[in-house]
Amino acid sequence: MFRGKEIQTMDELTNCPKCGDIFVKNKFRDICQKCWKEEEEAYEKVYQFIRKRENRAATIQQVEEATRVEEELILKFIKTGRLKLTQFPNLGYPCDKCGKIIQKGKICSSCAEKLRKELEIHKAEEERKKEIERRERQATYFAVDEKYRGGN
């Protein structure tokens, strides 16, 4: 207890998704220490390769071939921000929707534009439905029985 509040940790005992060893997972590491060291060594290989002037325009496939580091791991380095794409113009990762290589966000600009148009169409359709409902409410009237109005 600390000042009346319980300190909570996000650590949990689990199996490493890479090697299967048991380790304590936390918010900073999702793999065991041994695999983390291997990833760090792989990162160093990749970074040392692409930081050379002649390799700055390399594609992911070229980096993978030269360093023997799997594409999936290189993509992880990019997505977690460890490799800054502004310095390496031909590196990127696939758009979540179509697979086109992008350098920022989760979807490419053409997929984003299609999604924006679909949202506009959906919004217009919702507005049209609301307008129809409004008109139907205005057109609805209630017949009143004459005997209740005071008539005969």
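Some observations on this one:
- In the set (1) loosely packed, with under 15 Cβ neighbours inside 10 Å; (2) modelled with pLDDT under 90; (3) in a helix (DSSP H, G or I), I78 fails one condition alone, (1).
- The combined condition, being modelled with pLDDT under 85 and in a helix (DSSP H, G or I), is not fulfilled by T9.
- Candidate set from region 34-75 (those that are surrounded by 13 or more Cβ atoms within 10 Å (Cβ to Cβ) and of a type in the set (G, A, S)); member that is farthest from C16 (Cα to Cα): A58
- Leading residue by the ranking (surrounded by the most Cβ atoms within 10 Å (Cβ to Cβ)) among those in region 81-99 that are more than 16 Å from the chain's Cα centre (by Cα) and in a loop (DSSP other than H, G, I, E, B): L91
- Meets criteria (within 26 Å of the chain's Cα centre (by Cα) and part of a strand (DSSP E or B)) for V24: yes
The values are calculated or read from the model by the stated rules, or taken from the named source; none is laboratory data. Only a predicted model underlies this, so the values are computations on that prediction, with no experimental measurement involved. Cβ coordinates were reconstructed from backbone atoms using ideal geometry, including for glycine residues, and neighbour counts include every protein chain displayed.
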